[in-house]
Amino acid sequence: MIFKKYFYIFVTILMFLGNVYAQGLKVDVIRFTGNEHFSNSELRALIKSEEKKPFNNKYLRLDVTILTNYYQNRGFLNVWINSDIERRGNKINIIFNIKEGIRFVLGGIEVSGGGILNKNQIRNAFSIKKGDVFLQSEIDNGLNKLEKYYYNHGKPYVTLNRVQTEQDSSIFVKLDVQENETVFIRDIDYQGLARVKSFIVRRELAIGKGDIYSRNKIDKSQGNIYSTGLFDFVGMQLQAMDSTRSQARLLVKLVEKKSRWVGVRFGVAYEQEILYGGTFDFSFGFGHRNLFGTARTASVEVIPSLSYDFQSHKIINPKNQYTFTFIEPWIGYTRTPGIFRASFYQVRPMNSADYNYFSSSFQIHHEYNNAWQASGTIAFNNVKVLEQDTLAESFFTLTKGQDFIYSLSTDFLRDKRDNYLNPQEGSVLETTIKFAYSRSRDKLTGSASVNRFFKLTGQWNRYQAFVLKRNWVLASRVRAGDIIELGKRAQIPVLERFYLGGASTVRGYPEQLLGPVSYDENGRPIAIGGKLMLLGNLELRIPIFWLFWGEVFVDAGNVWLENSDFKITDIKTSTGAGAALMTPLGPVRFDYGVKLQPRRNEAPGEFHISISFAF
């Protein structure tokens, strides 16, 4: 035993030293022998080892497995592959020796059994046909398709017995389908409920008493119950109630969360990116997630936000938020939550007017099965501007007074990203239509103005593999916004205007300062915002090593004070590069953007830091 122990230690040390020694070796040439059906370039593109790159012995073993699977999935079931190496100094030649063997075809699929599906329907579940190159994956896919169908049509005890035989270069498949009993849900029991009332769980179920068994409906029910946020664990167990197994009890096993909570969180916000850029948010809150056992939620949060101003080289506090939220999880007997929220904000953005505002809103929100979400919001905002803009008095200047804004809005969102923090593929489509009635009063003159307007915004994001390098990500975004006034032009509240420039819109420009600006008595620029906005971004995201990614980007856009001011030649463009470190909170991003059309005496570019990608 002692000898065996030390032998393993000795072998491990040798392997370690071998790997260290091998790190100085480079792959010179990769060759293939015996490959008649696939070209050298096609096989070379599959493997991990690369010519002119450091030699890695682990890759060599993995490459043999990759090549073997590639051949077997294309009908060469008896393929044999090994690898040899030739060393010349610090250079390594890799030779993959391949014996392809016979390429098999499907001789046929013979079906027996069945019931709710006849033999032809069972056979049609397989996309592979007689005479096609035999692909084991196609047979497995067909079996999975059949199993899924039966599981969702009351047949949890179905058995699919498959036998495959070889004859010359053909594979014959015999499939015996025993459907067994059709199962109905006779009863539903709940285990583990203490503070949560049973009707809360019952209304989340997609399957009910008397329904035929369906795995999809049971999985959906489990997801619905988890989404209430009331449980740490949700389990679904099927129990036969008689010897025939046709009648079953569905047992829902639950572990409740604590109803009261106190929390401290840290994250990043882009909710108001057109005003503040990216901010680092600290959230201090407490609440109750199950008022009176009815799944209603009430909470209070205090959220101070921090950002870094590269102009002053200081950490600033652009926003503080104090919020009360109440959520009714079901509106109109559907899984449509209603959210009432009342908030007070102290807003001190980097380059536009300081103001406080009170906001109250009621929103209903519904998620559909096809990645679409829809919401409707009725809101009241009271905005008090604390600074006086020094431009000549006119309808578009910031008033040293108050804005009262009543609004009704709808939002439609389709989010098909594969990952929220670091999307590799997918898209996001969002449109918002808001009707607002605003009343502004100047405290100094007592004069008041009333405005009615529509605010329209639309955005399209796309994420896809770069055509020349599949592990690179090409990200693009188009965003547009317009404010259309009904009647005479009047004051547009500072909260509703469009702003561009900064880490999350057009890099190379300071936060909010791309577009109309004014200057205070000290010459400091102040963003005015506008009624028309266009934005476009194109970014190539490149994995470098470990958790580091690189970025190369082109941004373009502008904001116009009035719709009539629009000129295509006013669109400003910038380009630049950056790096991102992937963290559990999202990418920590460092970018430098260069203006392609700088004005006289204007800085050539800007440095930006933020959490999360720009879009």
Open item on the list: If you fit an axis through the alpha-carbon atoms of helix 57-72 and take the longest principal axis of the Cα set of the chain, what angle between them do you get, 0 to 90°, nearest 10?
Closed with: 70 degrees
Task: Computed lengthening from ASN320 to THR294, 0.36 nm per intervening residue step minus Cα-Cα distance - done: 6.2 nm
Task: Estimated vicinal HN-Hα couplings, Hz - the range 510-518 in sequence order (Karplus 6.51, -1.76, 1.60; Gly, Pro = x) - done: x, 3, 6, 9, 8, x, x, 9, 10
Open item on the list: Between helix 136-151 and the chain, what is the angle of the helix's C-alpha long axis to the longest principal axis, kept within 0 to 90° and rounded to the nearest 10?
Closed with: 70 degrees
Task: Portion, in percent, of the accessible area of the chain that falls on carbon or sulfur, probe 1.4 Å - done: 57 percent
Task: Label assignment, Rg/Rh (Cα atoms, Kirkwood Rh) derived from the structure, set (i) 1.06; (ii) 1.04; (iii) 0.99 - done: (i)
TODO: Could you order peptides 605-615, 220-230 by the average number of other Cβ atoms within 10 Å of their residues, highest first?
DONE: 605-615, 220-230
- [ ] Taking the chain as the reference, fit the longest principal axis to its C-alpha atoms, fit the long axis of helix 215-227 to the helix C-alpha atoms, and give the angle between the two in degrees, 0 to 90, nearest 10.
- [x] 40 degrees
Task: Sequence-distant lysines (8 or more away, or on other chains) whose Cα lies within less than 23 Å of LYS48 - done: LYS26, LYS58, LYS91, LYS99, LYS469
Open item on the list: Let's see if you can work this out: charge +1 on each Lys and Arg Cβ, -1 on each Asp and Glu Cβ, no other charges. What is the dipole magnitude of the chain about its Cα centre, in debye to the nearest 20?
Closed with: 940 debye
- [ ] Please give, to one decimal in nm, the separation of the simple spin-label points placed at VAL302 and SER112, each 7 Å out from Cα toward the Cβ.
- [x] 7.6 nm
TODO: Return the FRET efficiency for the residue pair PHE286, ILE571: r is the Cβ-Cβ distance, R0 is 35 Å, and the value is rounded to the nearest 0.05.
DONE: 0.15
TODO: Identify the trypsin sites (Lys or Arg not before Pro) of the range 164-210 meeting these criteria: DSSP loop state and at most 14 other C-beta atoms within 10 Å of the C-beta.
DONE: ARG195, LYS197, LYS209
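How much length would be gained if the chain were fully extended between ASN57 and LEU585, taking 0.36 nm per residue of separation minus their Cα-Cα distance, in nm to one decimal? Walk me through the intermediate numbers first.
Numbers: separation 528, 0.36 × 528 = 190.08 nm, distance 3.49 nm.
This chain segment gains 186.6 nm when fully extended.
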Task: Under 15 Å from the ILE433 label point (7 Å along Cα→beta-carbon), backbone N, the range 484-501 - done: 484
Open item on the list: I'd like the projected area of the range 447-604, averaged over all directions, using the convex hull of its alpha carbons. Report it in nm² with one decimal.
Closed with: 12.5 nm²
- [ ] Can you pull the one-decimal nm distance between simple spin-label points at LEU143 and VAL478, each 7 Å off the Cα toward Cβ?
- [x] 4.7 nm
Open item on the list: Between ILE609 and THR244, how high is the FRET efficiency from 1/(1 + (r/R0)^6) when r is the Cβ-Cβ distance and R₀ = 60 Å? Nearest 0.05.
Closed with: 0.35
TODO: List the residues whose amide H sits under 5 Å from the amide H of PHE466, counting only those 5 or more places along or on another chain, with H placed 1.01 Å from N in the peptide plane.
DONE: TRP472, VAL473, LEU474
- [ ] Step through the table entries LYS488/LYS572; LYS129/LYS220; LYS220/LYS257; LYS119/LYS148; LYS155/LYS197; LYS455/LYS595, compare each Cα-Cα distance with 23 Å, and write down the pairs that go over it.
- [x] LYS488/LYS572; LYS129/LYS220; LYS155/LYS197; LYS455/LYS595
- [ ] Only Cα pairs under 8 Å and at least 6 apart count here; give the relative contact order of the range 34-95 as a rounded whole percent.
- [x] 20 percent
Task: Accessible area of the chain divided out per residue, in Å², using a probe of 1.4 angstrom - done: 52 Å²
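Normalised by the number of residues in the chain, what is the relative contact order in percent for Cα pairs under 8 Å and 6+ residues apart?
Details: 1493 pairs, mean separation 38.4, N = 615.
Relative contact order of the chain: 6 percent.
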Task: Two-site label geometry, PHE548 and ASP418: point separation in nm, points 7 Å out along Cα→Cβ - done: 2.5 nm
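The values are calculated or read from the model by the stated rules, or taken from the named source; none is laboratory data. Being a predicted model, the structure only gives us computed values, none of them experimental. Note: ideal-geometry Cβ built from the backbone for every residue, glycine included; neighbour counts use all protein chains shown. Keep in mind that these areas ignore ligands, DNA and RNA; they rest on the heavy atoms of the full protein, side chains included. Shrake-Rupley method; radii C 1.70, N 1.55, O 1.52, S 1.80 Å.
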